[in-house]
Amino acid sequence: MEDKPVHPYERMIGAIALLLNDGEFAATGTLSPIPAAGCLLAQHTHAPHLAPMIYGDPANRISEGLHEFFGFAQRGGIDVFFLSGIQIDQRGSINLSVIGDYGKPKLRLPGGAGSAMLYSLSRRTILFTMTHTKKLFVPKVDFVNATASDGDVRTPWRRGGLSHVVTPLGVMKFDREKQRLALDYVFAGGTVAQVVDNTGFDLDVAGRKVPVVDPLDGESLKVLRGPVLDRLRTIYPLVCRMVWG
């Protein structure tokens with residue numbers, strides 16, 4: 001395991017961990033193995049007082065299911081939440097409902113569930129994707145399930161907004177002044193051109209040097225493949241088998 005090449009998902013986990021601060025309450029929803037691992041890695045390294053709530057963790061059952069979870073969010077208890085989408089646009093809006101025209105879609109999906117509420121009520125939202133393509137990162141989503149910010153008029157229930165987007169190629173940061181995403185850094189082994197070629201909107205890279213970063217040092221990788229993976233196997237056994245064997 002120690003000699004196994006670093007998987008892109010492992011770099012994503014390392015990047016997410018670095019975005020989390022000690023003492024924060026970070027929550028993950030369903031089907032979120034990468035953010036869950038990022039929370040656990042942060043807790044085992046630089047953020048021992050991070051409080052992760054991983055939905056689906058058999059060791060941390062929520063007694064009233066989603067009602068309890070959403071109630072906690074409404075009371076302002078979530079510092080960081082993680083969301084994804086089948087489409088993400090340059091304004092940080094996400095689509096979880098349809099591809100194409102809503103009345104006659106090419107693909108219809110289950111929908112946004114509570115994503116709009118959690119995007120507004122969490123103090124920070126980090127988006128994550130398991131792939132990085134132009135079909136996913138589009139200039140404008142076909143359907144808006146949740147937004148990164150309120151624009152010119154702030155709603156009273158909006159506590160925070162989009163912080164970053166983490167993908168297998170690198171990390172984007174949400175520019176609050178420009179209200180758009182910009183490339184923050186590229187993962188080791190990749191290039192800025194690779195990210196630009198696989199993104200359907202401008203990443204604001206012209207005239208600036210975008211760094212190449214490895215978010216996992218040797219010690220963090222050891223922790224990830226040790227105690228973090230041991231815990232993650234109890235929550236996401238199939239994903240762990242796929243990535244780590």
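The values are calculated or read from the model by the stated rules, or taken from the named source; none is laboratory data. Only a predicted model underlies this, so the values are computations on that prediction, with no experimental measurement involved. Cβ sites come from the backbone with ideal geometry, for glycine too, and all protein chains shown count toward neighbours. Surface areas here come from the heavy atoms of the whole protein model, side chains and all, with no ligands, DNA or RNA. Shrake-Rupley method; radii C 1.70, N 1.55, O 1.52, S 1.80 Å.
Per-structure values
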quantity	calculated
Some residue of region 191-201 being touching a helix residue (DSSP H, G or I) at 6+ places or on another chain (Cβ under 8 Å) and among the β-branched types (Val, Ile, Thr)	no
Criterion (on the phi > 0 side of the Ramachandran plot and touching a strand residue (DSSP E or B) at 6+ places or on another chain (Cβ under 6 Å)) met by exactly one of Asp184, Asp204	Asp204
Residues being under 16 Å from Arg225 (Cβ atoms) and open to solvent by 10 Å² or more (accessible area, probe 1.4 Å) - total across region 1-28	10
Residues being out of contact with any helix residue (DSSP H, G or I) (no Cβ under 8 Å at 6 or more places or on another chain), in a loop (DSSP other than H, G, I, E, B) and at pLDDT 95 or above - total across region 1-18	0
